[in-house]
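Let me begin by presenting the structure, written as structure tokens, before commenting on it.
The values are calculated or read from the model by the stated rules, or taken from the named source; none is laboratory data. This structure is a prediction, so every number in the text was calculated from the model and none was measured. Here the Cβ positions follow ideal geometry from the backbone for every residue, glycine too, while neighbour counts run over all protein chains shown. These accessible areas exclude ligands, DNA and RNA; they are computed on the full protein's heavy atoms, side chains included. Shrake-Rupley method; radii C 1.70, N 1.55, O 1.52, S 1.80 Å.
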Amino acid sequence: MATIDASFASTRPARGADWLGRAATFCYLTIAAGQMLFVAFILLFYYPATLSGDFAAWNSKPLIMGFVAGDTAGNLFFAVHVLMAALITFGGLVQLVPAIRSRWPVLHRWNGRLYLVSALTLALGGLWMTWGRGTWLTLTGGIGITLDALLILGFAAMAWRSARARRFVDHRRWAIRLFVVASAVWFMRVGYMVWGIATGGAGIGKAMDGPFDIFLAFANSLLPLAVAELYLRAGAHGTTTARNGVAALLTVSGVIILAGSAGAWMAMWRPYI
């Protein structure tokens, strides 16, 4: 399985093993495994409570602002936001598989349209929940969420525009960028878990106002985006050394993601396990 590869391959003949392609596939698989655990948690924890109308059950997990008695509009918006998170996460993973794009192009197109609509809805909803409902603990955190939402809106527009113009190489690049920033909340969970395991939680404030909190408010989208940009550039016109260097970075990133995802899964279910 070659994932997110063909669009960015160098025009030069390949020499030896394609370590960049293999590393990208490995990194994708670790992301897919971690995000499917995230989807499973949403389906098992939030869906039953939401569909049964037991919105107060949301607050059994730590949330900045979940269920608020009397806030019908805010509670409904939160429900839609959480339920659509599972949809966009799964849809994004499907959209990046080349086999689906080549064998089932109709599925790829319609899933892509649904993904774009979901991304736009979640970005605009995130902005409203942050500044309309006041779902933030620190101003820095609110600004970080706003930056990510603006990146989602911008990348979604570019992905749609390039697809409409049938510039498919550009479209796939914008789609990867969109997938990365749309996954920022998940990257944040993984980041907190990895940092907590490595340092014992140094720099994490009780109100998410510590040095690491401030860093992660922006790094949850910008750091994965930087790695994605290195991959895109190395695949398009990188030297052998650059390609191998990025391949090593993707491999290390995959290992870190795998460890963080497993830890985050355990933490999400605590104290139920």
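Of the numbered conditions (1) at pLDDT below 95; (2) open to solvent by less than 50 Å² (accessible area, probe 1.4 Å); (3) within 16 Å of Thr25 (Cα to Cα), Ala242 fails exactly one; give the number of that condition.
(3)
Does Trp110 satisfy the condition of being within 16 Å of Gly92 (Cα to Cα) and among the hydrophobic types (A, V, I, L, M, F, W, C)?
Details: within 16 Å of Gly92 (Cα to Cα): yes; among the hydrophobic types (A, V, I, L, M, F, W, C): yes.
Yes; evaluated as a whole, the condition is true for this residue.
Anything in segment 52-79 that is at pLDDT 65 or above, part of a helix (DSSP H, G or I) and loosely packed, with under 14 Cβ neighbours inside 10 Å? List them, or say none.
Result: Ala56, Thr72, Ala73, Leu76.
So how many residues does segment 94-114 have that are touching a residue at least 40 places away in the same chain (Cβ under 8 Å), under 18 Å from Ala182 (Cβ atoms) and either in a helix (DSSP H, G or I) or over 21 Å from the mean Cα position of the chain (by Cα) (or both)?
2
Out of (1) under 27 Å from Leu93 (Cα atoms); (2) buried (at least 20 other Cβ atoms within 10 Å of the Cβ), the odd one out for Ala157 is which?
(2)
Which of the residues belonging to segment 170-201 are more than 30 Å from Trp160 (Cα to Cα) and of a type in the set (Ser, Thr, Tyr)?
Once the filter is applied, which keeps residues that are more than 30 Å from Trp160 (Cα to Cα) and of a type in the set (Ser, Thr, Tyr), segment 170-201 yields Tyr192, Thr199.
Does segment 160-181 hold any residues that are open to solvent by 30 Å² or more (accessible area, probe 1.4 Å) and touching a residue at least 40 places away in the same chain (Cβ under 8 Å), and which are they?
Of everything in segment 160-181, those that are open to solvent by 30 Å² or more (accessible area, probe 1.4 Å) and touching a residue at least 40 places away in the same chain (Cβ under 8 Å) turn out to be Trp160, Ala163, Phe168, Val169, Arg172, Arg173, Arg177.
Test Phe187 against the criterion of being among the aromatic types (Phe, Trp, Tyr), surrounded by 19 or more Cβ atoms within 10 Å (Cβ to Cβ) and part of a helix (DSSP H, G or I), and give yes or no.
yes
Looking at Ala49, is it out of contact with any His (no Cβ under 8 Å at 6 or more places or on another chain), modelled with pLDDT under 85 and part of a helix (DSSP H, G or I)?
Considered against the rule, which asks whether it is out of contact with any His (no Cβ under 8 Å at 6 or more places or on another chain), modelled with pLDDT under 85 and part of a helix (DSSP H, G or I), Ala49 comes out as yes.
Gly144: of a type outside the set (A, V, I, L, M, F, W, C) and not in a helix (DSSP H, G or I), yes or no?
It is false that Gly144 is of a type outside the set (A, V, I, L, M, F, W, C) and not in a helix (DSSP H, G or I).
Looking at segment 196-208, which of its residues are farther than 25 Å from Ile152 by Cβ and at pLDDT below 85?
Looking only at segment 196-208, we keep the residues that are farther than 25 Å from Ile152 by Cβ, and these are 196-207.
Passing the criteria: Lys206, Ala207.
Could you say which residue among Ile100, Ile145, Ile152 is open to solvent by less than 40 Å² (accessible area, probe 1.4 Å) and more than 22 Å from Ala40 (Cβ to Cβ)?
Being open to solvent by less than 40 Å² (accessible area, probe 1.4 Å) and more than 22 Å from Ala40 (Cβ to Cβ) holds for just one of Ile100, Ile145, Ile152, which is Ile152.
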